[in-house]
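The values are calculated or read from the model by the stated rules, or taken from the named source; none is laboratory data. Keep in mind the model is a prediction, meaning the values are calculated, not measured. All Cβ positions, even for glycine, are placed from backbone atoms using ideal geometry, and neighbour counts span all protein chains on display. With ligands, DNA and RNA removed, areas are computed over all heavy atoms of the protein, side chains included. Shrake-Rupley method; radii C 1.70, N 1.55, O 1.52, S 1.80 Å.
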Amino acid sequence: MPRDMMASFELYQPDSVDNAIDLLGRFGEDGWPIAGGNDTLDWFKDRVKYAQYVVDLTGIAELRGIRETPGGIEIGALTTLTEIEQSPLLQERYRVLADAARRVASPQIRNTGTLGGNVNQDTRCWYYRYGTDCYRAGGTTCYADTPQGQNREHCLWGADRCVAVSPSDTAPALVALDARMVVRNADGEREVAAEDYFIGPDVDIERMTILEPGELLTAVRLPSEWAGAKFYFEKVADRNTWDFPLVNIAAAMFVESGTIARIRIAAGAVECVPRRLTVVEEVVTGSPQNAETAALAGQAAVRGATPLNYNHFKIPLLENLVKRAIRDA
Amino acid sequence: MYPDSRFDKTTAAVLGRGPVVLESLFSYDQSACPSVLALQGECLMAEDQTTQMAVAAPFPEPRIDAGGILATVGRSKASRRKFIKGVIVSGAAVSSAGYVFGGLSGCTPEQAAPGGVERLLSLNVNGETRRVDVLPNETLAMTLRYKLGLTGTKLGCDRAECGACTVLIDGIPSYSCSTLTHAVRGRAITTIEGLEGPNGELHPVQQAMIDELGPQCGFCTPGQIMTAVALLRANPNPTRDEARFAMSGNLCRCGAYDHYLNSIMRAAQDA
Amino acid sequence: MALEVDLETGKVEILDYVGVADCGTVFHPQGLTQQMKGGGVWGIGFALFERQIYDPQNGLPGNTGFEQCKSATYLDVPSIMCWDAVAIADPQNPVGARAMGEPPMGASASAILCAISDALGGHLFNRTPVVPDMIINYVAGREQSSRPLQIHTA
């Protein structure tokens with residue numbers, strides 16, 4: 001695999017979303033939107049993926065910023081993770097998202113990396129990144145799901161030819177907050193629930209989100225329904241900085257006189273999409289917030305998990321994290 | 001290895017039409033992007049200082065046979081310099097519009113006409129305005145090191161993983177290896193060379209690094225210093241833990257983390 | 001070396017590091033400090049992070065960047081590390097000195113491995129690095145994914 005200067009491309013710097021959509025619409029499959037570039041440029045440098053036309057979004061002011069709206073808060077897709085981490089508004093009302101952003105990679109990456117980039121980043125399956133001709137890359141093999149495949153970081157659920165997982169830290173937080181993703185294309189704007197925004201290999205093996213070529217994620221809307229809830233976010237990774245999760249967990253819950261009244265909880269890096277743990281939600285709603293409920297929730301969370309050769313540790317890990325989320329939130 | 005047809009293409013591109021799509025100086029993989037035409041040779045003929053520096057891009061393996069290209073371009077005769085001047089002029093016209101994307105005429109993929117960005121741009125580096133010839137696929141680290149001669153910024157992993165290339169963009173530490181130069185047009189870039197005081201004295205962080213013997217091998221030190229400078233500007237009296245968190249995007253393979261933290265705490269104290 | 005093992009997440013946090021060197025006459029204390037602490041950081045990396053994996057079937061290297069072969073960062077090592085030297089001159093060396101480049105690495109790595117084993121109450125793992133999944137599997141009573149001495153796999 002050659003590793004040196006990127007292959008050439010043409011660079012466009014639109015100043016408005018309309019222009020960006022127009023460009024991406026024209027370029028179709030050959031176009032590639034770039035924001036922080038931390039993921040994109042790796043692909044180009046490794047020469048595993050190419051783009052003929054790169055559309056640099058960083059000059060589009062309307063994509064930045066955290067705004068209050070009547071229904072909650074709207075975060076522009078180009079808002080950096082540092083801005084999210086340090087936003088007093090988010091820290092006060094949606095702390096789980098600020099906490100998740102704080103655990104993404106390293107300070108420099110958070111300074112340039114955007115919320116849109118973090119949720120749209122490609123999977124970290126090392127076979128796929130290495131440039132193998134796997135299913136996700138358009139081939140006919142999964143190298144990770146073989147008897148000797150090194151699949152410690154891969155999935156417990158949702159395997160369908162591909163066993164890669166979602167690497168994002170903010171995505172489970174957005175699912176837990178019931179966020180709405182605002183997607184724009186030439187035909188206009190539509191709002192998609194965060195849960196439906198991410199797709200597994202059974203829907204489309206070559207993409208991780210519903211974004212089609214020519215579409216942009218322009219904003220994320222956080223509904224006021226979950227503002228000020230009790231939150232929990234934890235990420236377990238090998239290192240304490242610049243690392244992808246082995247498992248991460250995000251929860252939002254309202255506790256009324258010791259009883260869990262409402263809860264949304266999601267885990268990352270156990271499936272190709274951030275996995276909303278609806279079973280846990282059902283088990284704990286109406287139960288007291290205590291160690292016993294937490295233990296039940298942990299057991300419920302891992303039901304049906306199908307481990308690969310090297311990743312069965314994720315089962316007790318997820319169980320423990322769910323337990324902690326319920327107990328300590 | 002580099003068939004003549006490629007140079008014919010170059011020649012045709014230069015002579016045949018005004019605007020040409022420019023290919024990376026460093027690129028060798030034509031198959032990756034077959035529709036793009038090459039323009040390596042042109043810069044070699046330029047007398048303009050900026051473009052001469054562009055040629056100086058010292059990549060470990062010279063992908064192109066400079067002599068061969070020169071000869072080829074020489075055969076295609078005349079007006080290389082004029083051509084480059086033409087680009088400069090149009091560059092000025094477009095850059096006056098800043099980021100504005102002015103209409104789509106001539107930019108459709110079918111026509112594969114000039115790229116959206118102009119190659120020549122003004123960068124604000126260490127308080128100076130530097131005119132520089134930048135390729136669309138060039139990272140800030142490449143521009144700083146190989147075009148502007150600011151080799152204090154190091155390239156470690158080139159994958160936004162190690163932090164050796166950290167520079168300040170509008171005062172915010174960023175990995176310059178993973179930032180496109182075109183994306184920082186109009187923003188203030190500070191490199192390790194820009195920390196020097198008016199009389200050549202060292203920045204307090206640099207001085208503290210010396211006093212505390214911060215580095216071992218020193219390769220990651222420019223990046224460490226840039227991150228520390230940004231930290232101390234934002235938070236002049238950090239706790240050791242705050243400093244540790246802020247510095248966590250910089251790797252040190254010698255493991256001199258403890259000494260770096262001592263240096264930063266000392267710089268904060270002395271300042 | 002003092003460390004804390006989180007039994008629920010398998011994470012190891014190093015609380016304290018003291019390195020003492022039998023390095024003969026000390027010529028440059030500041031330089032020796034660097035070696036002692038830097039070697040300690042390497043040992044932490046060896047013991048806890050730096051997995052070198054290959055796909056045995058296809059011979060593909062799994063660590064092609066710092067993202068996969070993880071060296072220790074600021075947040076993985078103790079904020080303050082301590083050192084000392086015995087400072088007894090080496091009789092076999094004309095200036096009484098000994099080389100101090102590498103010894104701290106192996107020493108700190110083995111100290112960490114012993115401390116983890118000790119914390120979990122057994123003689124465990126027999127390999128480096130000890131990553132969270134091995135600790136989680138041990139605590140949960142599950143079989144380990146890889147065997148002792150079976151290297152270059154997860």
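Taken together, A:295, A:325, A:305 contain a single residue that is closer than 25 Å to residue A:202 by Cβ, among the hydrophobic types (A, V, I, L, M, F, W, C) and at pLDDT 95 or above, which is A:305.
Within region C:31-55, residues that are closer than 11 Å to residue C:102 by Cα and touching a residue at least 40 places away in the same chain (Cβ under 8 Å) have Cβ atoms under 6 Å from residues that are open to solvent by 10 Å² or more (accessible area, probe 1.4 Å) and among the polar types (S, T, N, Q) in these pairs: C:38/B:216, counting only partners at least 6 apart in sequence or on another chain.
Mind checking which residues of region A:314-326 are under 15 Å from residue A:246 (Cα atoms) and either touching a strand residue (DSSP E or B) at 6+ places or on another chain (Cβ under 7 Å) or free of Cβ contacts under 8 Å to residues at least 40 places away in the same chain (or both)? Once the filter is applied, which keeps residues that are under 15 Å from residue A:246 (Cα atoms) and either touching a strand residue (DSSP E or B) at 6+ places or on another chain (Cβ under 7 Å) or free of Cβ contacts under 8 Å to residues at least 40 places away in the same chain (or both), region A:314-326 yields A:314, A:316, A:317, A:318, A:319, A:320, A:321, A:322. Only one entry in A:219, A:294, A:267 is out of contact with any Phe, Trp or Tyr (no Cβ under 8 Å at 6 or more places or on another chain), open to solvent by less than 10 Å² (accessible area, probe 1.4 Å), on the phi < 0 side of the Ramachandran plot and outside any strand (DSSP E or B), namely A:294.
Evaluation of residue B:135 against the conditions (1) at pLDDT below 95; (2) surrounded by fewer than 24 Cβ atoms within 10 Å (Cβ to Cβ) shows that the sole unmet condition is (2). The residue of region A:207-216 that is surrounded by the fewest Cβ atoms within 10 Å (Cβ to Cβ), among those that are touching a strand residue (DSSP E or B) at 6+ places or on another chain (Cβ under 9 Å) and either basic (Lys, Arg) or in contact (Cβ under 8 Å) with a residue 40 or more places away in the chain (or both), is A:213. As a summary of the residue check, residue A:184 satisfies the conditions (1) closer than 23 Å to residue A:271 by Cα; (2) open to solvent by 10 Å² or more (accessible area, probe 1.4 Å); (3) not aliphatic (A, V, I, L, M) except for the one numbered (1). For region C:129-149, the set of residues classified as open to solvent by 70 Å² or more (accessible area, probe 1.4 Å) and in contact with a Phe, Trp or Tyr (Cβ under 9 Å, 6 or more places away or on another chain) consists of C:138, C:142, C:148, listed by residue number.
So which residues in region A:19-42 are closer than 22 Å to residue A:113 by Cα and more than 10 Å from every other protein chain (Cβ to nearest Cβ)? Of everything in region A:19-42, those that are closer than 22 Å to residue A:113 by Cα and more than 10 Å from every other protein chain (Cβ to nearest Cβ) turn out to be A:21, A:24, A:32, A:33. Selection of region C:7-23 for residues being more than 14 Å from chain B (Cβ to nearest Cβ), assigned to a loop (DSSP other than H, G, I, E, B) and in contact with a helix residue (DSSP H, G or I) (Cβ under 8 Å, 6 or more places away or on another chain) yields C:7, C:8, C:9, C:10, C:11, C:23. Among the residues of region B:212-226, those that are within 14 Å of chain A (Cβ to nearest Cβ) and either among the basic types (Lys, Arg) or within 19 Å of residue C:77 (Cα to Cα) (or both) comprise B:220, B:224. Checked against the criteria, residue A:234 counts as within 30 Å of residue C:136 (Cα to Cα), surrounded by fewer than 24 Cβ atoms within 10 Å (Cβ to Cβ), in contact with a Ser or Thr (Cβ under 9 Å, 6 or more places away or on another chain) and modelled with pLDDT of 95 or more. Screening region A:11-90 for strands (runs of 3 or more DSSP E) wholly inside it with 1 or more residues that are among the hydroxyl-bearing types (Ser, Thr, Tyr) returns the ranges A:53-56, A:66-69. Here residue C:26 clears all of (1) within 14 Å of chain B (Cβ to nearest Cβ); (2) over 19 Å from residue B:254 (Cα atoms); (3) outside any strand (DSSP E or B) except the condition numbered (1).
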